[in-house]
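Here's the structure we're looking at; comments come further down.
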Amino acid sequence: QVTCIEVVEAYVERIKEVNPLINAVVKDRFEEALQEARQVDKLLSEGPGDDCLEEKFPLLGVPITVKEAFSLYGMPNTSGLVNRRNVTATSDATVVSRLKQAGAIPLGVTNCSELCMWYESSNRVYGRTNNPYDLQRIVGGSSGGEGSVLAAACSVIGVGSDIGGSIRMPAFFNGVFGHKPTTGVVPNDGQFPNAVGVRSSFLCTGPMCRYAEDLELVLRVMAGPGVSKLKLKEKVSLEKIKFHCMDHDGGSIFVSPVAKEILQAQKKVVEHLESDLGVQVQRVAIHKMKYSFQIWSAMMSSKDSEGQEAQRFTDLLGDHGKPVWPLWELMKWLVGMSSHTLPAIALGLTEKLVNLNLSGKAKLVSMGKSLQEEMEALLGPDGVLLYPSHPTIAPKHHSPICMPFNFAYTAIFNVLGLPVTQCPLGLGSEGLPLGIQLVAAAYNDHLTLAVAQYLEKAFGGWVLPGKV
């Protein structure tokens, strides 16, 4: 009904219209994208039948955006680090290459937090990204630019990565869908910083979309041959899923209590599942979840099976130069002379503290492994857990520094290696997105994706900002 050039032009105009407010796209490639759209139209006008093209190019002509931490040829690849200001990608990250080969057209790259290790997307290279539902609110991190750009209807599909909730928090705060796949299925190559040592089994690359049905298609493309490990061809009978529900982590001292509005949204999901599908949602209380932040932190800094130490964040901040001294950087920051953000400096400081208590750390790593076994046993081949995405709705700018560990609600599933789909549940009383995490056992991504599509129909999914 419309040409590819019309579609791409519409998205380019939309970005030009709203990006000055949200600051999500930090570098565009509009000219190249329009040229690629013309080539798509040419291919369609003279090419073979539709079926053949759809099979070969499942994303033909679809406009996408890419988190700036991923290499996209000709685009900056700084991850918000000042001393990488002049770094331009000379190749494509594996997932970006696969999306391009499937016919997708990248419009540009989007903002993230410094070195992708904080849940507000702000840095000294590009500044701060704002939430399209309320410009005074955060977009989450580290794939915050993607969450914002999708919510503002500036893109169809986003490429995100997640080591502590970096796909799911932005998807939650911005009212879109995000999927953290089972660990080890989608390649992480071509992003900076990439995970090494034990962290390579926690970092996941995955899709972010406005519509739930797009998640599976994009996941197939991103996973490439690895998709065979997932059961995406299996038909899911929602009535046969064993649903479990947990309202909060059990009351960690490090994390805010879950907001009433988020609990009410989760309750509505439970009631809908029970009345509509005739299932019984089982309430569970998993004691170890109370220590989610401590477990994640200990496992992130542990050695891998070959005894390799986890990469130090202070080394990454130096980016092949001298390691950064966090205390010195803090003093510089206080007088406005540091090129780093306060969260990055604070992370450098806490990193040193984690390694002071080695016996405590070993106990927490052991607790994490035991929690993983408990979770796999609970979920089994047909279970889905409903769990809050975050204790609060999108906070105001800067406020995460007061509650820095609230990301524990998403982070725990990275170290457990479980697939999680973030699903929006409409807007709350302040016009800000609500949502829920859907968790399954490893390689059962098809279950959470199916439930997300079902809940989208029931609760309306993504809502255009400013509509209500």
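The values are calculated or read from the model by the stated rules, or taken from the named source; none is laboratory data. Everything numeric in this text was worked out from a predicted model, so none of it was measured. FYI the Cβ positions are ideal-geometry reconstructions off the backbone, even for glycines, and counts take in every protein chain you see. What goes into the accessible areas is simple: the full protein's heavy atoms, side chains included, and nothing from ligands, DNA or RNA. Shrake-Rupley method; radii C 1.70, N 1.55, O 1.52, S 1.80 Å.
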*asked:* For the stretch 380-450, compute Rg over Rh where Rg is the Cα radius of gyration and Rh is the Kirkwood radius from the inverse mean 1/r over Cα pairs.
replied: 1.03
*With a 1.4 Å probe and every protein chain left in place, work out the accessible area per residue of the stretch 4-459 in Å², rounded to a whole number.*
40 Å²
*List every DSSP H helix in the chain whose Cα atoms extend 20 Å or more along the helix's own long axis and whose mean Kyte-Doolittle hydropathy is at least -1.0.*
4-22, 30-46, 358-379, 445-459
*asked:* P(r) for the stretch 1-102, please, calculated from all Cα pair distances in 5 Å bins and given in %.
replied: 2, 11, 19, 21, 19, 14, 8, 4, 2, 0
*So how exposed is E374, as accessible area in Å² (1.4 Å probe, rounded to 10)?*
70 Å²
_Once ligands and nucleic acids are excluded and a 1.4 Å probe is used, how much of K100 is accessible, expressed in Å² to the nearest 10?_
60 Å²
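Rounded to the nearest 0.05, what FRET efficiency do K267 and S200 give with R0 = 60 Å and r taken as the Cβ-Cβ distance? Could you check?
Values: r = 38 Å, r/R0 = 0.63.
The computed FRET efficiency comes out at 0.95.
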*Given a 1.4 Å probe and every protein chain left where it sits, what share in percent of the accessible area of the chain is carbon and sulfur?*
54 percent
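Would you mind getting me the FRET efficiency between T88 and V2? Use the beta-carbon distance for r and R0 = 25 Å, nearest 0.05. Before the final figure, lay out each step's value.
On the way: r = 33 Å, r/R0 = 1.32.
Working from the Cβ atoms, E equals 0.15.
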*Can you list the lysines whose alpha carbon is less than 24 Å from that of K332, not counting same-chain residues fewer than 8 positions off?*
K322, K352
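R124 to L358: FRET efficiency via 1/(1 + (r/R0)^6), r the Cβ-Cβ distance, R0 35 Å, to the nearest 0.05? Don't jump to the answer; show the numbers that get you there.
Numbers: r = 34 Å, r/R0 = 0.97.
For R0 = 35 Å, the calculated efficiency reads 0.55.
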_Backbone N within the stretch 222-257 under 18 Å of label point (7 Å from Q282 Cα along the Cβ vector)_ = 237-248
*Can you put K322, K242 in order of accessible area, largest first, using a 1.4 Å probe?*
K322, K242
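With all protein chains present and a 1.4 Å probe, how do S366, S97 order by accessible area, largest first?
S366, S97
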*Which of the lysines could a cross-linker bridge to K268, judged by Cα under 16 Å and excluding same-chain residues fewer than eight apart?*
K260, K457
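For S429 and L53, calculate 0.36 nm times their separation in residues minus their Cα-Cα distance, and state this gained length in nm to one decimal.
Details: separation 376, 0.36 × 376 = 135.36 nm, distance 4.50 nm.
Here the segment from S429 to L53 would lengthen by 130.9 nm.
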*Qualifying lysines (Cα of each under 23 Å from Cα of K229; at least 8 residues distant if same chain)*: K56, K100, K180, K240, K242, K369
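Expressed as a rounded percentage, what relative contact order does the stretch 4-459 have, with Cα pairs under 8 Å and six or more residues apart?
Working: 1035 pairs, mean separation 80.3, N = 456.
It rounds to 18 percent for the stretch 4-459.
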*By how many nm would the segment from E213 to Q136 lengthen if fully extended, with 0.36 nm per residue of separation less the alpha-carbon distance?*
24.7 nm
*Which is farthest toward the positive dipole end of the stretch 4-459 among V451, N406, L334, measuring Cα position about the Cα centre, with Cβ charges +1 (Lys, Arg) and -1 (Asp, Glu)?*
L334
_If I stretch the segment between D41 and A377 completely, what's the gain in nm (0.36 nm per residue apart, minus their alpha carbon distance), one decimal?_
115.9 nm
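Can you give me the Kirkwood hydrodynamic radius for the chain, using every pair of distinct Cα atoms, in Å to one decimal? Write out the running numbers ahead of the final one.
Numbers: mean 1/r = 0.0451 Å⁻¹.
This gives a value of 22.2 Å.
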_Within the stretch 78-107, list the residues whose amide N lies under 11 Å from a label point set 7 Å along Cα→Cβ of E32._
89-93, 106-107
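Using packing as a proxy for protection, rank 146-156, 207-217 so that the peptide with the highest average count of other Cβ atoms within 10 Å comes first. All intermediate terms of the calculation are to be shown ahead of the outcome.
Details: 146-156: 29.7, 207-217: 21.8.
Per-residue Cβ counts within 10 Å, averaged per peptide and sorted highest first, yield 146-156, 207-217.
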